[in-house]
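Here's the structure we're looking at; comments come further down.
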Amino acid sequence: MATDQIDNRKIETSHNGQSSNADTELQLPIGGMTCASCVRRVERALSKVEGVHSVGVNLATERATVKYDPAVVNPAGMRAAVEGAGYSVPTEEEQLPIEGMTCASCVRRVEKALAKLPGVESVSVNLATERVTLRYNPAMTGKGEFRQAVEKAGYALRAEQKAESLAEGMEVAGAGDLDLEQTRRVRETNKLRTRFLVSLVAGGLIMLGMLIPLPISMQTRNLLMFALATPVQLWAGWGFYKGAWLAARHLTTNMNTLVAVGTSTAYLYSAFVTFFPNAVGAAGLAPDVYYDTSTLIIALILMGRYFEARAKGRASDAIKKLMGLAPRTARVLRDGQEIDLPIEQVQVGDVIRVRPGDKVPVDGVVLDGASSLDEAMLTGESLPVEKGPGDEVIGATINKSGSFTFRAIRVGKDTALAQIVKLVEEAQGSKAPIQRLADQISSYFVPAVLGLAALTFLVWYIFGPEPRFTFALVSLISVLIIACPCALGLATPTAIMVGTGKGAEYGVLIRGGEALEGAHKVNAVVLDKTGTLTRGKPSVTDLITTGNVGEGELLRIVASAERGSEHPLGEAIVNYAVEQGLTLSSATDFKALAGHGITATVDGRKLLVGNSRLMQTNSVGLNGLTEQAVALGSEGKTAMFVALDGELAGMLAVADTLKPESAQAVRELEALGLQVWMLTGDNAATAQAIASEVGIHNVLADVLPEQKAAKIKQLQAAGKVVAMVGDGINDAPALAQADLGVAIGTGADVAMEASDITLVGGDVRGVVTAIALSRRTISTIRQNLFWAFIYNVVLIPVAAGLLFPLLGLLLNPVMAAAAMGMSSVSVVSNSLRLRSFAPPRTVEEILHPPLRRRVADVSYLVAIGLLALAVGAASLFLFRPMTG
């Protein structure tokens, strides 16, 4: 159909009868359109979306102009409609660094500001990494709009001089270069330490001046304390004022607002008392100063941020470890000479020599030589892997022995290591669904706290005992300081960072927080047979002779003939013969007979290799081997009869053998309480035989590739939360259909694209690691959220003075700051305990966790409890009463 007939059609639709005045117009790029019928198809698909009021598609510009109600539908919903019609909407994903965020309410505010931009489909802000991940339509918005939106919300986009991600940095600057992000973090951490120490020293001196009698007047003492407190308030506490001002400019509030208001109240009142003591007395106010309160609050909050920053740095250790794996140089063969080149100068096609002890610089294929490589840093597998000509090697793995040359096939950001780094970066910047509740609460939290603090002040000032102003002031400051929701914002992302990084250490690449959280809900695991439970390539399992010729000679003759065959079974026989060290002969008259086998002449002898039909056609008697062939077939093996010069000489059996770790993996999965299924296209008898060998009781046999996703759906319909494990292209639909898709990393790239988790080394026990890690991480997140909520729920009423009428106790604002800082540190330190995670390697270890793990859990709870008691005791006994 001529494309110029319909270049710009417009469909006016309205689901409510009229177009809303609040409609938004969207320019949506469309990929895949070729003619006017495509235009109509896209228009119809978009017009059916609830909330879309008009659609115009232009084939020439490949864009759709859509007017829609943003309260009803968003760009992601329209993209889904276009993709459902068989086309695409090109989008981009970008990670940007954010400055000025301090708590969960900041996260919520930045997300809301960016989500309002036209063309933005999804926004995820991570407080731990201080980065935002955006998926957006580049035709509608870009970095300039992002910067304006972030600044309008009271924050800033941090400038970056080099690559936006460490994975890209591997190409731009080389894996060994100093990471700019890490340098910035160190600089910020050192700055926090300096300000915290200065504040602490000043606060300590002020405290001593208040406790120890000095031979000076009260006025002079107050002036000295003012001189010590002012630099702390204006220099060390400047970050709080800056953050609060940026928020106030846009009529919003955040944690900085609480700290700035609280400390400023104590400081300014104290300064008023210092310089206008007569006015204070005339007004009937208490002539007390609270310089110790303002300085120590700032010191303790900065101390909490300092320890928090150090802990967050350790939480991202996985990225730094991965980056550190890549070597700096490569020994490249050019113009007949070996020269050492920086890793970033290596090109695809270069021939590289690797000597014993060297790291493999980039990904490639071995050309000459042999060695064993330690791939533990990428796969988690401790045993070295033998490599020879034709085998693929992965950059950053360690050459244990031998020397070899290989041809580079992937360099820079295309290497396996760079892709792993990129995946881990994305995962650490992602957000788990469990965090949504915390984000939602935090968005209303700070305004509510400000209101509560004002109400507390009024109640104490009107109804409190004398000195009422002192009671009101102390309670106001305590409420403002204790309620900072820092811990709430750190509870989930720090655990996700450590959990995904720990998975990468063991060769388990988790796409993000959603996958990590989803894995703990799985109750059924479906294992594809070929390439998952089995090696994915056939090998010789049995060799039987009739006595006319020896086993070695029979194998040599058959392998000599099969060298001319491209069949996988023939290749398996040749490989086996080579492994046995046999010298093969040349074959003549080779002929492959489809559905039967092969014929050839080897060393002057007429050879037949194939099934029983081939033997019957050539009048070769089977001499009682038929029963053995049937028995081998029931075990999932392919039996091939061998005849020499018209007489039966023996039989070979070839099968796709089970991986040695498969049975162990199945036992461990069942120990985790999971139901294990095997999925295969084999007939029921063969499938059952293989399943029995690995200990699987639930078998889905005779399943065609296109039926795999349907089988997963059936299990889901029966109430199962299903994890599908596979490696082939035909597994991709099933991986996508499953609640959790797990791809074997040695398989097809498309399978990995469709999966939530990728096992780098191909060891199916990685599924056990992933699920155990998920359960441990979610448990840690729940503990974190408990501590984050409990501090605020319990201590805000105490700070407001709830215990004073009952017990005569009033929370010291300094201790409120200590408790607030302690809550953040306890949450981050609990997340860091995930760094001790090790995958279970025995069923016993799963059923009965090691004593050290249980002791560590109890010790953590005891430590947090003792710390809380210490803060409570200090607030009652170590600091002066705040009640006049």
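Using protein chains only and a probe of 1.4 angstrom, how many square angstrom of ARG109 are accessible, to the nearest 10?
Taking all protein chains as shown, ARG109 has close to 40 Å².
Given just the C-alpha atoms of segment 532-580, how large is their convex hull per residue in cubic angstrom? Mind dumping the intermediate values first?
On the way: hull volume 3.8 nm³, N = 49.
Taking only Cα atoms, segment 532-580 has a hull volume of 78 Å³ per residue.
So which GluC sites (Glu not before Pro) in segment 68-163 end up in coil per DSSP with only 11 or fewer other C-beta atoms within 10 Å? Spell out each step's value before the answer.
Numbers: sites: GLU83, GLU92, GLU93, GLU94, GLU99, GLU111, GLU121, GLU130, GLU145, GLU151, GLU160; in loops: GLU130, GLU160.
For GluC sites (Glu not before Pro) across segment 68-163 that sit outside H, G, I, E and B with at most 11 neighbouring Cβ atoms in 10 Å, the list is empty.
Find how many whole Å separate the alpha carbon centroid of segment 765-823 from the alpha carbon centroid of segment 182-233.
28 Å
Apply the Karplus curve 6.51 cos²θ - 1.76 cosθ + 1.60, θ = phi - 60°, to the phi angles in segment 683-695 and return the couplings in whole Hz, x for Gly and Pro.
Once θ is set to phi - 60°, the couplings for segment 683-695 become 5, 4, 5, 5, 4, 5, 5, 5, 4, 5, 5, 9, x Hz.
On the protein heavy atoms, probe 1.4 angstrom, tell me the percent of accessible surface of segment 759-798 carried by carbon and sulfur.
Ligands and nucleic acids excluded, carbon and sulfur reach 69 percent.
Going down the table (LYS143/LYS413; LYS143/LYS422; LYS659/LYS711; LYS116/LYS413; LYS659/LYS708; LYS242/LYS502), which pairs top 29 Å between alpha carbons?
Among LYS143/LYS413; LYS143/LYS422; LYS659/LYS711; LYS116/LYS413; LYS659/LYS708; LYS242/LYS502, the Cα-Cα distance tops 29 Å for LYS116/LYS413; LYS242/LYS502.
If you average the sequence gap of Cα pairs under 8 Å that are 6 or more apart and divide by the length of segment 587-741, what percent do you get for the contact order? Could you put the intermediate results ahead of the total?
On the way: 219 pairs, mean separation 20.2, N = 155.
Once divided by the residue count of segment 587-741, the mean separation gives 13 percent.
Find the eigenvalues of the gyration tensor of the Cα atoms of segment 441-552, then list the square roots of 5 times those eigenvalues as equivalent ellipsoid semi-axes, largest first, in whole angstrom.
Each semi-axis is the square root of five times an eigenvalue, giving 71, 12, 10 Å.
In segment 522-642, what percent of the accessible surface is made up of carbon and sulfur (1.4 Å probe, ligands and nucleic acids excluded)?
Values: 2730 of 5900 Å².
That fraction is 46 percent.
Around ILE690, under 11 Å between beta carbons, what's the net of Lys plus Arg minus Asp minus Glu among the other residues?
Details: positive: LYS529, LYS637; negative: GLU635, ASP656, ASP682, GLU693.
It works out to a net charge of -2.
Can you work out the accessible area per residue across segment 566-664, with the rest of the protein chains kept in place, probe 1.4 Å, in square angstrom? Kindly include the intermediate steps, with their values, before the conclusion.
Numbers: 4940 Å² over 99 residues.
Result: 50 Å² per residue.
Quantify, in whole percent, the carbon and sulfur part of the accessible surface of segment 187-229 (1.4 Å probe; protein heavy atoms only).
Values: 1870 of 2600 Å².
The C+S portion of the solvent-accessible surface of segment 187-229 is 72 percent.
Considering only protein heavy atoms, what per residue accessible area in square angstrom results for segment 773-829 with a 1.4 angstrom probe?
On the way: 1960 Å² over 57 residues.
That works out to 34 Å² per residue.
The values are calculated or read from the model by the stated rules, or taken from the named source; none is laboratory data. What you see is a predicted model; the values in this text were computed from it and never measured. Because the Cβ atoms are built from the backbone with ideal geometry, glycine has one as well, and the counts that use them run over all protein chains shown. Areas reflect the complete protein model, heavy atoms only, side chains present, ligands, DNA and RNA absent. Shrake-Rupley method; radii C 1.70, N 1.55, O 1.52, S 1.80 Å.
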